[in-house]
Amino acid sequence: MKLLFIADPLDHFKIYKDTTFAMMREAAARGHTLWACEPQQLSWRSGGRVTALAQSITLTGEAERWWRAEPAAPLALAEFDAVLMRKDPPFDSEYFYATHLLEQAEREGARVFNSPRSLRDHPEKLAVMEFPQHVTPTLVSRDADEIRRFHAEHRDIILKPLDGMGGMGIFRVGADGLNLGSIIETLNQHGSRTVMVQRFIPEIVHGDKRVLIVGGEPVPFVLARIPQGSEVRGNLAAGGKGVAQPLDAVDRETAQVIGRVLAPRGLLLIGLDIIGDRVTEINVTSPTCFQEIQQQTGFDVARCFIDALERAAAAAR
């Protein structure tokens, strides 16, 4: 297959842990050809098709200069067997516009994974609203008084922006309410921005589990991201320690329920964040942790994903 990866700049990849690189490596090992571009290299002109100024890349096997690229050329997305949208959050206006270009490319015959419409319809923090039975008590609001009432009810809460990633902008406020007003002002910008507030889940000490769902089926291992020291965040980007462990029966059932609903919407790859037995986020833009799971357990998540990609691309032809 001829694969196009829409991603962040290749020279920003940390290939020892990058999931998109793991996908590329597995695809190349099967003989698929790799192309890459960034979202700003997508364009459309009336009377034509959505194109990408894309580079054909070859993996070198080296740690530093890990790819070799041919000169970029404009190619219609419909000419590829599969287009993988792997741009990291934030889900800002430019990401939103990119999904519209990708949806137009689908109308022209492109096969895009994850589905651009579903990327728009399932923002990572708000997607949990569809599954309230699996969620800790949660409030989504820009109203400062409502946030204060939520704190008064639950006493120990987590506040976070809707557009953050990697643990950025996450605050914990305990029963004493220390700095709650200042934190609300910081996050909601005096009522101009919406905030997510959740009851604190003590099981975070055992890790914020990343549960991967590929083609609607949960991967049999998870990565528990365990906070270190006095930190409340388990995110690897915030210094959390990643420990792979078998998927337990409760989380498997949760993942199967969510996978059966979301996979038919064109979400080939989903990353659930679960603390204790509560889902806190549903990640669909560029879920990660492939390499950490493989390195610790031997289970090749990238192989599982490329298997599913080949099936999905063939079914869409």
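The values are calculated or read from the model by the stated rules, or taken from the named source; none is laboratory data. Note that this is a predicted model, so its numbers are computed, not measured. No Cβ is skipped: glycine too gets one built from the backbone with ideal geometry, and neighbour counts run over all protein chains shown.
Checking Q40 against (1) over 27 Å from L126 (Cβ atoms); (2) surrounded by fewer than 15 Cβ atoms within 10 Å (Cβ to Cβ), which test does it fail?
Only one criterion is unmet by Q40, namely (1).
Quick one: how many residues across region 146-165 are of a type in the set (A, V, I, L, M, F, W, C) and out of contact with any strand residue (DSSP E or B) (no Cβ under 7 Å at 6 or more places or on another chain)?
Let us first name the residues in region 146-165 that are of a type in the set (A, V, I, L, M, F, W, C), namely 147, 150, 152, 157-159, 162, 165.
Keeping just the survivors that are out of contact with any strand residue (DSSP E or B) (no Cβ under 7 Å at 6 or more places or on another chain) gives 152, 165.
Selection size over region 146-165: 2.
If L212 satisfies all but one of (1) over 27 Å from L4 (Cα atoms); (2) crowded, with 20+ Cβ neighbours inside 10 Å; (3) hydrophobic (A, V, I, L, M, F, W, C), what's the number of the condition it fails?
For L212, the failing item is (1).
Could you list, in sequence order, all residues of region 12-51 that are over 25 Å from Y97 (Cβ atoms) and free of Cβ contacts under 8 Å to residues at least 24 places away in the same chain?
Across region 12-51, the qualifying residues are K14, A29, G31.
Of everything in region 14-32 that's within 19 Å of L309 (Cβ to Cβ) and under 19 Å from the mean Cα position of the chain (by Cα), which residue is surrounded by the most Cβ atoms within 10 Å (Cβ to Cβ)?
Out of the qualifying residues, it is M24.
Tell me which residues, restricted to region 77-119, are in contact with a Pro (Cβ under 8 Å, 6 or more places away or on another chain) and among the polar types (S, T, N, Q).
Result: T99, single match.
State all residues of region 246-279 that are charged (D, E, K, R) and within 20 Å of F113 (Cα to Cα); if no residue qualifies, say none. Quick ask: steps written out before the conclusion?
To start, the set of residues in region 246-279 that are charged (D, E, K, R) comprises 248, 251-253, 260, 265, 273, 277-278.
Within region 246-279, R260, R265 qualify.
Scan region 73-85 and tell me whether some residue there is within 21 Å of the chain's Cα centre (by Cα) and closer than 30 Å to V197 by Cβ.
Start the filter on region 73-85 by keeping residues that are within 21 Å of the chain's Cα centre (by Cα), which leaves 82-85.
Retained after the next criterion (residues that are closer than 30 Å to V197 by Cβ): 85.
Yes: region 73-85 contains one or more residues that are within 21 Å of the chain's Cα centre (by Cα) and closer than 30 Å to V197 by Cβ.
Does V128 satisfy being at pLDDT below 95 and either among the aliphatic types (A, V, I, L, M) or assigned to a strand (DSSP E or B) (or both)? Walk me through how you get there before you give the answer.
Values: at pLDDT below 95: no; either among the aliphatic types (A, V, I, L, M) or assigned to a strand (DSSP E or B) (or both): yes.
Spelling it out, it is not the case that V128 is at pLDDT below 95 and either among the aliphatic types (A, V, I, L, M) or assigned to a strand (DSSP E or B) (or both).
Hey, among P89, P39, P137, P74, which residue is out of contact with any strand residue (DSSP E or B) (no Cβ under 7 Å at 6 or more places or on another chain) and not small (G, A, S)? If you could, list the steps in order and put the result at the bottom.
Working: P39 fails: out of contact with any strand residue (DSSP E or B) (no Cβ under 7 Å at 6 or more places or on another chain); P137 fails: out of contact with any strand residue (DSSP E or B) (no Cβ under 7 Å at 6 or more places or on another chain); P74 fails: out of contact with any strand residue (DSSP E or B) (no Cβ under 7 Å at 6 or more places or on another chain).
Among P89, P39, P137, P74, only P89 is out of contact with any strand residue (DSSP E or B) (no Cβ under 7 Å at 6 or more places or on another chain) and not small (G, A, S).
Sort through R260, R311, R252, R278 and tell me the only one that's touching a residue at least 12 places away in the same chain (Cβ under 8 Å) and either assigned by TED's automatic domain parsing to the domain that holds M85 or closer than 22 Å to D81 by Cβ (or both). It would help to see each step written out before you state the result.
On the way: R260 fails: either assigned by TED's automatic domain parsing to the domain that holds M85 or closer than 22 Å to D81 by Cβ (or both); R252 fails: either assigned by TED's automatic domain parsing to the domain that holds M85 or closer than 22 Å to D81 by Cβ (or both); R278 fails: either assigned by TED's automatic domain parsing to the domain that holds M85 or closer than 22 Å to D81 by Cβ (or both).
Matching residue, one of R260, R311, R252, R278: R311.
Of everything in region 215-225 that's buried (at least 18 other Cβ atoms within 10 Å of the Cβ) and touching a residue at least 24 places away in the same chain (Cβ under 8 Å), which residue is nearest to T254 (Cα to Cα)? Steps first, please.
Going residue by residue through region 215-225, those that are buried (at least 18 other Cβ atoms within 10 Å of the Cβ) are 216, 218-219, 221-225.
Imposing the further condition that a residue be touching a residue at least 24 places away in the same chain (Cβ under 8 Å) reduces the set to 216, 218-219, 221-223.
On the way: G216: 12, P218: 9, V219: 12, F221: 14, V222: 13, L223: 16 Å.
My answer is P218.
What's the total number of residues in region 146-167 that are within 20 Å of V279 (Cβ to Cβ), of a type in the set (A, V, I, L, M, F, W, C) and either free of Cβ contacts under 8 Å to residues at least 12 places away in the same chain or not in a loop (DSSP other than H, G, I, E, B) (or both)?
Of region 146-167, the ones within 20 Å of V279 (Cβ to Cβ) are 150, 154, 156-167.
From the residues that got through so far, the ones that are of a type in the set (A, V, I, L, M, F, W, C) too are 150, 157-159, 162, 165.
Filter once more, keeping what is either free of Cβ contacts under 8 Å to residues at least 12 places away in the same chain or not in a loop (DSSP other than H, G, I, E, B) (or both): 150, 157-159.
Counting residues in region 146-167 that are within 20 Å of V279 (Cβ to Cβ), of a type in the set (A, V, I, L, M, F, W, C) and either free of Cβ contacts under 8 Å to residues at least 12 places away in the same chain or not in a loop (DSSP other than H, G, I, E, B) (or both) gives 4.
With the requirement that a residue be in a loop (DSSP other than H, G, I, E, B) and either closer than 30 Å to C304 by Cβ or among the charged types (D, E, K, R) (or both), what does region 186-225 give you?
Residues of region 186-225 in a loop (DSSP other than H, G, I, E, B): 189-194, 200-201, 207, 215-216, 219-220.
Hits for region 186-225 are R193, I201, G207, G215, G216, V219, P220.
Checking E62 against (1) over 27 Å from A314 (Cβ atoms); (2) part of a loop (DSSP other than H, G, I, E, B); (3) within 22 Å of the chain's Cα centre (by Cα), only one condition comes out false. Which one?
Only one criterion is unmet by E62, namely (3).
Select from region 166-195 the residues that are within 18 Å of L126 (Cα to Cα), touching a strand residue (DSSP E or B) at 6+ places or on another chain (Cβ under 9 Å) and exposed (fewer than 14 other Cβ atoms within 10 Å of the Cβ) and list them in ascending order.
Result: R193, single match.
Of all residues in region 43-71, which are under 19 Å from F13 (Cα atoms) and surrounded by 12 or more Cβ atoms within 10 Å (Cβ to Cβ)? Break it down stepwise before answering.
Within region 43-71, the first condition is being under 19 Å from F13 (Cα atoms), and the residues that meet it are 54-70.
The answer is A54, Q55, S56, I57, T58, L59, W66, W67, R68, A69.
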